[in-house]
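Remarks on the structure that follows.
The values are calculated or read from the model by the stated rules, or taken from the named source; none is laboratory data. If you're wondering where the values come from, they're calculated on a predicted model, not measured in any experiment. Note that we place each Cβ from the backbone using ideal geometry, even for glycine, and neighbour counts take in every protein chain shown. Heads up: the accessible areas ignore ligands, DNA and RNA and are worked out on the full protein's heavy atoms, side chains in. Shrake-Rupley method; radii C 1.70, N 1.55, O 1.52, S 1.80 Å.
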Amino acid sequence: MTTSQQTTLVLGGTGRTGALVAQDLRERGFGARTASRRGADVVFDWDDPTTYALALAGVDRVYLVTPVARTRFAGQVSGFLDLAAAAGVRHVTYLSTYGCDRAPPEVDIRAVELELAGRESFTHSILRPAWVMQNFADAHLPLIDGAITVPTGGGTEAFVDAADIAAVAVETLINTDTHAGAIYAPTGPQALTVAEVAAFIAETVGRPVTHNDIDPDVWINGAVAGGFVPAVYAVMLRWLTGTIIAGNGSRPNDDVEWVTGRPATSFREFARRSAAAWMPKAAG
């Protein structure tokens, strides 16, 4: 198949990895159609199945990003995949989560992996990335009064750059036969505590940055009460943070380099690239 015939539907096309996947595909001469509720090439809303068919028209592969801040979505994904198969999609790359095979039963991440594995009409690849570095540079884990507030119990995580996740995804979408059935777990090159992350940020911005290792219940209840996540998503937050607290956070591996041919980005590199995110905002 020539590059002009390959078109990928990129769900979450305005998001952290989706936008990068689409950009990389286009720069390499492949077709990409971004899909999101707003700001993308086509409108796509998981809660509106009438948007699925138009998004799928003329594509032969999909970068699958499931609904955010939810735990139950397997039924919606299954319906979408039925339409994808009928539309002639040949490959799906799914953005899953590190350690999802140990996720609580109330969370449908693993169920989607099993759904893909049970389908024969198209091939698939699965990405199970570690926590993304970008969490520290946006509203997920903002720097407030010189502190990063998140419960980790001093545990470590091999934080990964979203650009590295996207680069792995692009390879699976371009070379579908090579990566059919593959499960990759993109990580950064180091397992870091959040205190060590804070030190890298402090080094970059030239002022003290600390980690406030808050009680998990206080943090989760605050996120729900503040409207940052719905109450049903508390189980997901408890699992994600609890994994690190228990000492089972992601461990560095060479999946990024093996798939892309280049080393994974270090947090120091990411911090230097993202310094503006932590600089004081000028008074308006």
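Say we look at the range 30-40 and pick out the residues that are among the aliphatic types (A, V, I, L, M) and assigned to a strand (DSSP E or B); which of these is nearest to residue 233 (Cα to Cα)? Walk me through how you get there before you give the answer.
First pass over the range 30-40, keeping only residues among the aliphatic types (A, V, I, L, M): 32, 35, 40.
So of that shortlist, the ones also assigned to a strand (DSSP E or B) come out as 32, 35.
On the way: 32: 31, 35: 24 Å.
So the residue we want is 35.
Looking only at the range 239-257, how many residues end up being in contact (Cβ under 8 Å) with a residue 60 or more places away in the chain and either of a type in the set (Asp, Glu) or assigned to a helix (DSSP H, G or I) (or both)?
Initial filter on the range 239-257 (in contact (Cβ under 8 Å) with a residue 60 or more places away in the chain): 239-241, 243-253, 255-256.
Subset that is either of a type in the set (Asp, Glu) or assigned to a helix (DSSP H, G or I) (or both): 239-241, 243-245, 255-256.
So the answer is 8.
If I ask for residues that are surrounded by fewer than 16 Cβ atoms within 10 Å (Cβ to Cβ), closer than 26 Å to residue 196 by Cα and within 21 Å of the chain's Cα centre (by Cα), which ones from the range 229-248 would you list? Working first, answer last.
Going residue by residue through the range 229-248, those that are surrounded by fewer than 16 Cβ atoms within 10 Å (Cβ to Cβ) are 230-232, 246-248.
From what is left, the residues that are closer than 26 Å to residue 196 by Cα are 246-248.
Answer for the range 229-248, where residues must be surrounded by fewer than 16 Cβ atoms within 10 Å (Cβ to Cβ), closer than 26 Å to residue 196 by Cα and within 21 Å of the chain's Cα centre (by Cα): just 248.
Of everything in the range 274-284, what is open to solvent by less than 60 Å² (accessible area, probe 1.4 Å) and not hydroxyl-bearing (Ser, Thr, Tyr)? Give them in sequence order.
Matches in the range 274-284: 275, 277, 278.
Given (1) touching a helix residue (DSSP H, G or I) at 6+ places or on another chain (Cβ under 6 Å); (2) charged (D, E, K, R); (3) touching a residue at least 60 places away in the same chain (Cβ under 8 Å), where does residue 138 come up short, assuming only one miss?
Failing condition for residue 138: (1).
So how many residues does the range 153-202 have that are out of contact with any helix residue (DSSP H, G or I) (no Cβ under 7 Å at 6 or more places or on another chain) and either modelled with pLDDT under 95 or among the charged types (D, E, K, R) (or both)?
2
Can you report the number of residues in the range 96-116 which are over 22 Å from residue 228 (Cα atoms), in contact (Cβ under 8 Å) with a residue 12 or more places away in the chain and of a type in the set (A, V, I, L, M)?
Residues flagged as over 22 Å from residue 228 (Cα atoms), in contact (Cβ under 8 Å) with a residue 12 or more places away in the chain and of a type in the set (A, V, I, L, M) within the range 96-116 amount to 3.
Residue by residue, here is whether (1) of a type in the set (Gly, Ala, Ser); (2) surrounded by 21 or more Cβ atoms within 10 Å (Cβ to Cβ); (3) touching a Cys at 6+ places or on another chain (Cβ under 6 Å) holds:
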position	(1), (2), (3)
175	no, no, no
185	yes, yes, no
194	no, yes, no
210	no, no, no
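Take residue 152 and decide whether it is closer than 14 Å to residue 193 by Cα and surrounded by 15 or more Cβ atoms within 10 Å (Cβ to Cβ). Walk me through it before giving the result.
Details: closer than 14 Å to residue 193 by Cα: yes; surrounded by 15 or more Cβ atoms within 10 Å (Cβ to Cβ): yes.
It is true that residue 152 is closer than 14 Å to residue 193 by Cα and surrounded by 15 or more Cβ atoms within 10 Å (Cβ to Cβ).
Would you confirm, using the coordinates I've provided, whether residue 216 is under 23 Å from residue 97 (Cβ atoms), of a type outside the set (Asp, Glu), open to solvent by less than 20 Å² (accessible area, probe 1.4 Å) and touching a Leu at 6+ places or on another chain (Cβ under 9 Å)?
Judged against the criteria, residue 216 is not a match.
When you check residue 271 against the structure, is it in a loop (DSSP other than H, G, I, E, B) and surrounded by 19 or more Cβ atoms within 10 Å (Cβ to Cβ), yes or no? Let's see the steps before the verdict.
On the way: in a loop (DSSP other than H, G, I, E, B): no; surrounded by 19 or more Cβ atoms within 10 Å (Cβ to Cβ): yes.
Judged against the criteria, residue 271 is not a match.
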